[in-house]
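J.: Structure incoming, see below.
The values are calculated or read from the model by the stated rules, or taken from the named source; none is laboratory data. For clarity, every value in this text was computed on a predicted model and none was experimentally measured. We place every Cβ from the backbone using ideal geometry, glycine too, and count neighbours over all the protein chains shown. These area figures cover heavy atoms from the full protein model, side chains too; ligands, DNA and RNA do not enter into them. Shrake-Rupley method; radii C 1.70, N 1.55, O 1.52, S 1.80 Å.
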Amino acid sequence: MRALFCALLSTTAIGGGAAHSQTMGPMWDPSQLPESRGIVKQYTLTPRGDIDGIILTDGTEVKLPPHLTAQTVFSIRPGDQVSVRGLRARAVALVDAASITNVATGRSVVDSGPPDRRDRGQDQVISGRIAAPLHGKRGEVNGALLDDGTVLRLPPPEAERLQDWLRQGQPVSVRGAILDTPLGRVVDVQAIGSSPEQMSELAGPRPPRGPADGPDRRGPPPPPPGFGPPPPPPPRS
């Protein structure tokens, strides 16, 4: 059934190439599909912790694709009354949902097919002011929060090296891959500086070392004088 929904509810990119392509919303109206109503009892989860559906208080299982996890958490909570549009199974209480709407708030989760990741990784430049640095669980700086709520993420070694740019109140420009989600915007920072024209590049990942490689892949350094292996014994006369 999932393949049928992808065919009915998603559209293809249009335009004259990757630079001009765009993704549109659902072509077909999910309201034409059968409706089920009920109260949300709980989410169902994948082994990775993503939401792949909900259970209603009457026992009905409603299936959703995991890529809608963020939208589902944002729109639908246990205890909410929902309207579900989708295909109902014949033998079991199961609905393959095309949309779920929170009756009280009107917020809807609509399956428009898997997200388009083709633009992911294309660097963009944004500017703002640092509201606060962000930290990992060990207290290491691993990013910052802009005053507009955008989250900047950097590897901890680079965040430490560039910490002057991550101080509260610091105006910055960053370049990186931007991901917009229903829960917020995050930037995988590749460069940072005072303006789009003046940025410091983040160091890339180091190549893996082989088992015989030394610190700089040129083999282990020679031992200091006096610490090498003992000389061979003199020949017997």
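J.: Looking only at the range 140-153, which residues are open to solvent by 10 Å² or more (accessible area, probe 1.4 Å) and within 18 Å of the chain's Cα centre (by Cα)?
T.: Hits for the range 140-153 are N142, L145, G149, V151, R153.
J.: OK, next. Residues in the range 115-125: is at least one in contact with a strand residue (DSSP E or B) (Cβ under 9 Å, 6 or more places away or on another chain), among the hydrophobic types (A, V, I, L, M, F, W, C) and crowded, with 18+ Cβ neighbours inside 10 Å?
T.: No, because not a single residue in the range 115-125 is in contact with a strand residue (DSSP E or B) (Cβ under 9 Å, 6 or more places away or on another chain), among the hydrophobic types (A, V, I, L, M, F, W, C) and crowded, with 18+ Cβ neighbours inside 10 Å.
J.: Being surrounded by fewer than 16 Cβ atoms within 10 Å (Cβ to Cβ) and in contact with a strand residue (DSSP E or B) (Cβ under 6 Å, 6 or more places away or on another chain) is true for just one of G136, G176, G86, G169. Which residue is that?
T.: After ruling out the rest, the residue left standing is G136.
J.: Okay, next question. Can you confirm whether the range 24-44 contains a residue that is assigned to a strand (DSSP E or B) and at pLDDT below 90?
T.: No.
J.: Which ones in the range 162-186 are at pLDDT below 90 and in contact with a Leu (Cβ under 9 Å, 6 or more places away or on another chain)?
T.: R185, V186
J.: When you scan the range 106-147 for strands (runs of 3 or more DSSP E) that lie fully inside it, which ones turn up with 1 or more residues that are at pLDDT 90 or above and closer than 22 Å to P196 by Cβ?
T.: In the range 106-147, the matching strands (runs of 3 or more DSSP E) lie at 124-135, 141-146.
J.: So which residues in the range 63-73 are surrounded by fewer than 16 Cβ atoms within 10 Å (Cβ to Cβ) and touching a Ser or Thr at 6+ places or on another chain (Cβ under 9 Å)?
T.: Matches in the range 63-73: P66, A70.
J.: May I pose another question? What are the pairs with Cβ atoms under 7 angstrom where one residue, in the range 123-143, is of a type in the set (S, T, N, Q) and the other, located anywhere, is outside any strand (DSSP E or B) and crowded, with 17+ Cβ neighbours inside 10 Å? Sequence gap at least six, or different chains.
T.: N142/L154; N142/A159
J.: Another question, if that's okay. Among the numbered criteria (1) closer than 30 Å to V82 by Cβ; (2) part of a loop (DSSP other than H, G, I, E, B), which single criterion is violated by D96?
T.: The one condition D96 does not meet is (2).
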